[in-house]
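Everything on this sheet refers to the single structure shown next.
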Amino acid sequence: MSYFLSSIEADNRKLKDLIVVVDDPVSSLDTKALNFACSLVRSRLEKAAQVFILTHNMQCMNEFKKAWKGRARPSADKEPTAKFLFIDVTIPEGQARRSSTIVEMSKLLREYDSEYHFLFSHLLRFVEQPDTYDDHGYLMPNVIRRVLDVFLAFKCPGGGGLPGQLDKLCVDYPELDREQLTALERLAQVESHSDNIDDLLSFSTMTLEETRGAATLLFHTIKKVDSKHLERLKGLCR
């Protein structure tokens, strides 16, 4: 990245005339280096004719969102000079292959630093429309696992892993049936590799029936444990 930025105006090129595409500038960097790299890219390319930043790193995206939010949504008398887009990957009904489309970034990704709200919106749609084909269905096991991870991290903080957290949850909320939560245990075993949004790109070995069962159970579990939390999330997603 440093070499790229230092050589961008070589051979008499003028930054103001350039369209610059930066693909994932923070790969393998720790937090401190990541923040510095994002700041360096922004400041060094400030006068470029146009800049595209591509990333699948949530923290990197947040750094550019914070810096360019005012440009994407300026006051009423000004034209926007930035735009937040998202590559939406689906499997359309009747097709066997995934399809990618560049769309406007969801407000749930644009307005929040966490992916939790965005992933919950997928869970909500999947649960509330059980008889409708979901073209994001292939990624639902990973979505369920991530929503479950974040929810339990706040409700049952501490170690012990996901099975231990589910045990603690049943102690705190005796109305939950621990045996019924085996669907989420199964999810934990199959999707244990999934620890960030990158893994939404991979396929799961879970069946559609297992996935719907786990999604419905998670939804009802959140409702029993914190109904106000659930209702507020639903309000944000609609």
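Computed from the coordinates by the stated procedures, all read-outs in this text should not be read as laboratory data. Please read these numbers as outputs of a predicted model, since none were measured by experiment. Here Cβ is always computed from backbone atoms with ideal geometry, including for glycine, and neighbour counts include all displayed protein chains.
Here are the numbers for this structure:
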| read-out | value |
| --- | --- |
| Principal axis dimensions, largest first and in whole angstrom, of region 89-154 by Cα | 39, 25, 18 |
| Fewest-first sequence of Tyr133, Tyr116 by Cβ atoms within 10 Å of each Cβ | Tyr133, Tyr116 |
| Debye log10 I(q)/I(0) for region 106-238, one point scatterer per Cα, at q = 0.19 Å⁻¹ | -1.16 |
| Of Ala183, Asn62, Ser43, farthest towards positive along the dipole that unit charges on Lys, Arg, Asp, Glu beta carbons give the chain | Ser43 |
| Rel. contact order, % - alpha carbon contacts under 8 angstrom, at least six apart, the chain | 15 |
| DSSP bridge pairs, the chain: antiparallel proportion in percent, nearest 5 | 55 |
| Sites matching GluC sites (Glu not before Pro) across region 88-165 that sit in DSSP coil, with at most 12 neighbouring C-beta atoms within 10 Å | Glu93 |
| Inter-centroid distance (Cα atoms) of region 3-39 relative to region 53-83, Å | 17 |
| Order of Ile8, Ile144, Ile91, Ile102 under a 10 Å beta carbon neighbour criterion, fewest first | Ile102, Ile8, Ile91, Ile144 |
| About the Cα centre, charge dipole magnitude for the chain (Lys/Arg +1, Asp/Glu -1 at Cβ), debye | 1020 |
| Cross-link pairs beyond the 31 Å C-alpha cut-off, checked among Lys32/Lys224; Lys83/Lys228; Lys32/Lys168; Lys78/Lys107; Lys69/Lys224 | Lys32/Lys224; Lys83/Lys228; Lys32/Lys168; Lys69/Lys224 |
| Only Lys, Arg (+1) and Asp, Glu (-1) charged, at Cβ; region 106-238 dipole about Cα centre in debye | 460 |
| Net charge of neighbours whose Cβ lies under 14 Å from the Cβ of Arg232, counting Lys and Arg as +1 and Asp and Glu as -1 | +2 |
| Kirkwood Rh in Å, taken over the chain so that all alpha-carbon pairs contribute | 20.3 |
| Mean separation of Cα contacts under 8 Å (6+ apart) over length of region 1-83, as relative contact order % | 29 |
| Given charges at beta-carbon only (K, R positive; D, E negative), |dipole| of region 1-83 in Debye | 360 |
| Cα Rg over Rh - region 2-121, Kirkwood | 1.01 |
| Likely footprinting exposure, Leu148, Leu5, fewest C-beta neighbours within 10 Å first | Leu5, Leu148 |
